[in-house]
Amino acid sequence: MVRILIVDDQELMRDGLATILDLREEIDVTGVASNGKEAFEIAGELRPDIVLMDIRMPIASGVEGTKLITTAYPDIKVLMLTTFNDSELIFEALEEGASGYLLKDMPTDAIVQAIMTVQSGGMVLPKELTGDIVREMRRKQPTEQINTVPEIVKELTERELEVLNKLGLGLNNKEIAGELYISEGTVKNHVSNLISKLQLRDRTQAAIFAVRYHITDY
């Protein structure tokens, strides 16, 4: 059973989600919080497996709460609850260690599946949403502010660069394997190698790297 903490400043959303998820036999809602600071304090007491964290909240935002939790309790995973308009904050949260994001109006089954994916060590970057968010971020970013691709990228092989491109678009290993006509095991090896070469923490950081440096344009 996965123990989760739900964080949202809207009581109706917070309690409603808690009630719905607590009905699932694979989920145990251990507590709720109304902002990032409170989430950090409660997470320290209850030590949930996963924190479902809203992004926009008073006192301390979800991004701030994510940073506090992932820094102090790296064993606790954070999954963001967002809206499409939160594109910039989503990537800030991922940079602070969040394991992915979900739209608040997703079906309960999709939320539960995302929780189980994160619990098993995966990340949740919905492909269709990530593509939209990448385009939105690109639209908002003035041409003169586009980041120059670091020299370290030249250490990647052509195939590793292709895999990095797909990571930035939110694809999982199976989807990448299908698009590049290679095995999932090979994809996993490429992901591991490119993370090592780029000196990144995990595949979420690799996806952020791909978006920030427009690898997704390749």
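The values are calculated or read from the model by the stated rules, or taken from the named source; none is laboratory data. Note that the structure is predicted; figures quoted are calculated from it, not measured. Don't worry about glycine lacking a Cβ; one is built from the backbone with ideal geometry, like all the others, and counts go over all protein chains shown. What goes into the accessible areas is simple: the full protein's heavy atoms, side chains included, and nothing from ligands, DNA or RNA. Shrake-Rupley method; radii C 1.70, N 1.55, O 1.52, S 1.80 Å.
Of these, 37, 67, which one is surrounded by fewer than 19 Cβ atoms within 10 Å (Cβ to Cβ), in contact (Cβ under 8 Å) with a residue 24 or more places away in the chain and not in a loop (DSSP other than H, G, I, E, B)?
Of 37, 67, the one residue that is surrounded by fewer than 19 Cβ atoms within 10 Å (Cβ to Cβ), in contact (Cβ under 8 Å) with a residue 24 or more places away in the chain and not in a loop (DSSP other than H, G, I, E, B) is 37.
Would you point out the residue of region 182-213, among those that are open to solvent by 70 Å² or more (accessible area, probe 1.4 Å) and at pLDDT below 80, that is farthest from residue 150 (Cα to Cα)?
201
So residue 58 clears everything in (1) in contact (Cβ under 8 Å) with a residue 40 or more places away in the chain; (2) surrounded by fewer than 23 Cβ atoms within 10 Å (Cβ to Cβ); (3) closer than 17 Å to residue 204 by Cβ except one condition, right? Which one?
(3)
Would you please name the residue that is nearest to the chain's Cα centre (by Cα), looking only at residues in region 158-181 that are open to solvent by less than 70 Å² (accessible area, probe 1.4 Å), farther than 21 Å from residue 94 by Cβ and in contact (Cβ under 8 Å) with a residue 12 or more places away in the chain?
If we take residues in region 158-181 being open to solvent by less than 70 Å² (accessible area, probe 1.4 Å), farther than 21 Å from residue 94 by Cβ and in contact (Cβ under 8 Å) with a residue 12 or more places away in the chain, then 162 is nearest to the chain's Cα centre (by Cα).
Taking the stated definitions as given, is residue 204 touching a helix residue (DSSP H, G or I) at 6+ places or on another chain (Cβ under 9 Å), hydroxyl-bearing (Ser, Thr, Tyr) and closer than 26 Å to residue 97 by Cβ?
On the way: touching a helix residue (DSSP H, G or I) at 6+ places or on another chain (Cβ under 9 Å): yes; hydroxyl-bearing (Ser, Thr, Tyr): yes; closer than 26 Å to residue 97 by Cβ: yes.
Against the criterion (touching a helix residue (DSSP H, G or I) at 6+ places or on another chain (Cβ under 9 Å), hydroxyl-bearing (Ser, Thr, Tyr) and closer than 26 Å to residue 97 by Cβ), residue 204 qualifies.
Under 6 Å between Cβ atoms, which residue pairs at least 6 apart in sequence (or on different chains) link something in region 76-101 that is over 13 Å from residue 36 (Cβ atoms) with a partner that is part of a strand (DSSP E or B) and of a type in the set (Lys, Arg)?
Qualifying pairs under 6 Å: 99/77.
Tally the residues that are under 15 Å from residue 13 (Cβ atoms) and under 13 Å from the mean Cα position of the chain (by Cα), restricting the search to region 52-78.
Number of matching residues: 5.
Which residue is most open to solvent (accessible area, probe 1.4 Å), if the candidates are limited to region 105-129 and must be within 16 Å of residue 81 (Cβ to Cβ) and either in a loop (DSSP other than H, G, I, E, B) or modelled with pLDDT under 75 (or both)?
Residue satisfying both the conditions and the ranking: 105.
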